[in-house]
């Protein structure tokens with residue numbers, strides 16, 4: 001599927017220049033049929049194929065009538081898809097590319113960092129594992145109007161099947177984002193369950209506390225088995241060992257009925273595996289299988 005974001009050209013010395021290239025999916029001079037072309041592209045994006053894209057349309061809107069352009073806009077509006085100018089897209093790309101984190105430091109249980117944001121961009125922080133590490137960036141929102149926080153019901157709330165999440169941001173920013181929010185993006189049942197979970201914060205605290213306790217216990221067991229365990233503020237542990245190839249150990253554990261994540265294909269993690277923290281009995285089964293295979 002075409003539709004990647006515009007790519008910026010560079011000079012021979014690697015310096016970026018203000019020239020971009022983008023795949024043009026739609027024109028009004030290529031014999032394409034409308035609204036068939038745009039509806040097909042959007043239906044493939046929203047359908048099970050998941051062909052997500054930033055679609056480029058090159059239309060001659062200097063004419064009095066532009067039925068092709070009208071068809072593109074109508075199809076997008078009918079599906080809640082934002083239509084933006086090429087200039088807006090390039091401003092977003094420049095802002096994204098000029099945003100960065102630096103001065104990252106972890107002291108005790110406190111993470112500190114600086115965020116450099118583009119003039120027209122947003123800075124997003126994924127707080128999926130916030131309940132397991134005690135970090136809360138919500139206080140930053142009062143003085144950072146271009147900061148957004150992403151939270152999920154899939155981790156500490158144990159409701160992955162809801163496919164539900166939340167975004168926290170400044171009221172003015174959220175009002176603008178609602179303009180491009182898809183209609184009926186959550187079912188009534190999902191909203192009811194999500195509301196009930198939010199109303200029971202003690203459940204999250206209890207579950208997060210249990211996971212943290214088990215995480216420490218499993219980490220201790222891994223170290224006792226000769227593994228190197230990386231620090232974790234999530235509901236999983238990344239560990240390495242040099243007794244057996246990671247792929248081989250992963251298959252051996254699976255043969256014993258224990259399934260963990262094989263991450264050894266990732267850069268600099270050729271000896272690494274990842275285990276999610278579960279109920280005490282499941283964690284015991286993992287440690288027992290690991291000791292047997294090492």
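Readers should treat all values here as calculations from the given coordinates under stated rules, not as data from a laboratory. Quick caveat, the model's predicted, so the values are computed rather than measured.
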_Centroid-to-centroid separation of region 150-216 and region 51-109 [C-alpha atoms, Å]_ = 26 Å
*asked:* If you scale each eigenvalue of the Cα gyration tensor by 5 and take the root, what three semi-axes come out for the chain, rounded to whole angstrom and sorted largest first?
replied: 43, 24, 22
_log₁₀ of I(q)/I(0) at q = 0.13, 0.21 Å⁻¹ - region 7-93, Debye sum with one point per alpha carbon_ = -0.51, -1.08
*With everything on Cα atoms, drop me the angle between helix 201-224 and the longest principal axis of the chain, reported from 0 to 90° to the nearest 10.*
60 degrees
*Relative to the longest principal axis of the chain, what angle (0 to 90°, nearest 10) does the C-alpha long axis of helix 280-293 take?*
80 degrees
*asked:* If you fit an axis through the alpha-carbon atoms of helix 246-255 and take the longest principal axis of the Cα set of the chain, what angle between them do you get, 0 to 90°, nearest 10?
replied: 70 degrees
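At 0.36 nm per residue, and after removing the present C-alpha to C-alpha distance, how many nm does the segment from residue 251 to residue 126 gain when stretched out fully?
Working: separation 125, 0.36 × 125 = 45.00 nm, distance 3.16 nm.
Answer, rounded to one decimal: 41.8 nm.
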*When the helix-only estimate is applied to the chain (DSSP H runs of n ≥ 4, each -39,500 (n - 2.57), divided by the residue count), what is the mean residue ellipticity at 222 nm, nearest 500 deg cm²/dmol?*
-11000 deg cm²/dmol
